[in-house]
Amino acid sequence: MAEKPKLYYFNGRGRMESIRWLLAAAGVEFEEEFLETREQYENLLKDGFLLFQQVPMVEIDGMRLVQTRAILSYIAAKHNLYGKNLKERALIDMYVEGTTELMGIIRVHYRLPPEEKEKNLTLTIERATKRYFPVYEKVLKDNGQHFLLGNQLTWADIQLIEAILMVEEKDPTILSLFPFLQAFKARVGAVPTIKKFLEPGSQRKPPHDETLLETTKRVFNRK
Ligand code: GSN
């Protein structure tokens with residue numbers, strides 16, 4: 001197995017993007033194999049590498065991990081991004097589930113029929129401004145510190161900046177009512193590893209497009 005973590009997924013964001021973000025923020029270099037053909041996927045299945053026949057799959061530390069959440073929490077714990085105690089871990093889990101839900105709404109946008117795209121966009125903005133962003137805004141306001149858990153960067157912060165940037169792609173003015181999130185975005189964006197990941201040429205993926213849709217259909221034999 002490779003020394004560096006090796007990521008098996010499509011050449012697109014999907015469920016793997018938060019894993020890319022977390023590794024990059026932790027300063028970990030990683031390799032990727034992009035699924036382009038049905039044959040690649042069948043070979044992974046044949047070799048028994050995909051426990052539930054699904055990707056993301058990540059080779060790391062002699063393991064082949066699947067299930068996005070399990071992969072993320074392993075990386076977060078390994079790199080001290082998962083809090084100092086069980087209570088902090090519970091908070092991080094709650095915050096991460098919130099951003100996972102919000103990003104989940106956006107993640108399906110590209111594969112919706114045209115008539116449902118507008119509805120998805122409205123739902124994204126509505127959920128961001130009324131349900132999710134007010135929570136993180138209040139946490140930052142109340143704790144008066146740099147990050148969600150205080151002055152130590154955690155997995156929750158990394159997923160929050162990912163979510164903020166995803167929503168901003170849909171509505172660039174979205175943070176106008178959230179001054180603490182604006183300051184947070186600037187602060188987290190200035191963390192050197194994250195700054196680097198945000199620069200062109202990094203392993204960060206662009207928003208989904210039609211090509212990705214065709215590739216996933218081909219790989220999974222979907223209509
Ligand atoms: O979170 C996880 O990793 C799993 N609970 C779900 C993983 C999953 O659904 N992966 C898809 C591709 S990514 N898009 O949603 C997958 O591998 N589907 C193939 C299949 O036959 O289910």
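Would a scan of the stretch 11-29 turn up a residue that is within 14 Å of the ligand (Cβ to nearest atom) and at positive phi? Yes, the conditions are met somewhere in the stretch 11-29. Report yes if some residue within the stretch 60-78 is surrounded by 13 or more Cβ atoms within 10 Å (Cβ to Cβ), closer than 13 Å to residue 155 by Cα and among the β-branched types (Val, Ile, Thr); otherwise report no. Yes, there is a match, as at least one residue in the stretch 60-78 is surrounded by 13 or more Cβ atoms within 10 Å (Cβ to Cβ), closer than 13 Å to residue 155 by Cα and among the β-branched types (Val, Ile, Thr).
Residues in the stretch 161-215 that are of a type in the set (Asp, Glu) and not in a loop (DSSP other than H, G, I, E, B) were compared, and the one that is least open to solvent (accessible area, probe 1.4 Å) is 162.
Residues of the stretch 85-97 that are away from the ligand (no atom under 16 Å from the Cβ) and in contact (Cβ under 8 Å) with a residue 12 or more places away in the chain: 88, 91, 92, 95. Within the stretch 1-50, the residues that satisfy the criterion of being part of a helix (DSSP H, G or I) and in contact with a His (Cβ under 9 Å, 6 or more places away or on another chain) are 14, 22, 23, 25.
Here is a yes/no grid of residues against (1) within 16 Å of the ligand (Cβ to nearest atom); (2) of a type outside the set (Val, Ile, Thr); (3) under 18 Å from residue 100 (Cα atoms):
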| position | (1), (2), (3) |
| --- | --- |
| 138 | no, yes, no |
| 149 | no, yes, yes |
| 162 | yes, yes, yes |
| 179 | no, yes, no |
| 184 | no, yes, no |
| 189 | no, yes, no |
| 201 | no, yes, no |
| 204 | no, yes, yes |
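Entry remark, the stretch 53-78: residues being in contact (Cβ under 8 Å) with a residue 24 or more places away in the chain, within 9 Å of the ligand (Cβ to nearest atom) and assigned to a loop (DSSP other than H, G, I, E, B) number 2 in total. Among the residues of the stretch 98-113, those that are within 14 Å of the chain's Cα centre (by Cα) and within 15 Å of the ligand (Cβ to nearest atom) comprise 99, 100, 101, 103, 104, 105, 106, 107, 108. For the stretch 110-158, the tally of residues that are assigned to a loop (DSSP other than H, G, I, E, B) and closer than 22 Å to residue 26 by Cα stands at 8. Scanning the stretch 108-131 for residues that are basic (Lys, Arg) and surrounded by 11 or more Cβ atoms within 10 Å (Cβ to Cβ) yields 111, 117, 127, 131.
The values are calculated or read from the model by the stated rules, or taken from the named source; none is laboratory data. Small disclaimer: the values here were computed from a predicted structure and weren't measured. Cβ: placed from backbone, ideal geometry, glycine included. Neighbour counts: every protein chain shown. SASA here: full protein model, heavy atoms, side chains in, ligands and nucleic acids out. Shrake-Rupley method; radii C 1.70, N 1.55, O 1.52, S 1.80 Å.
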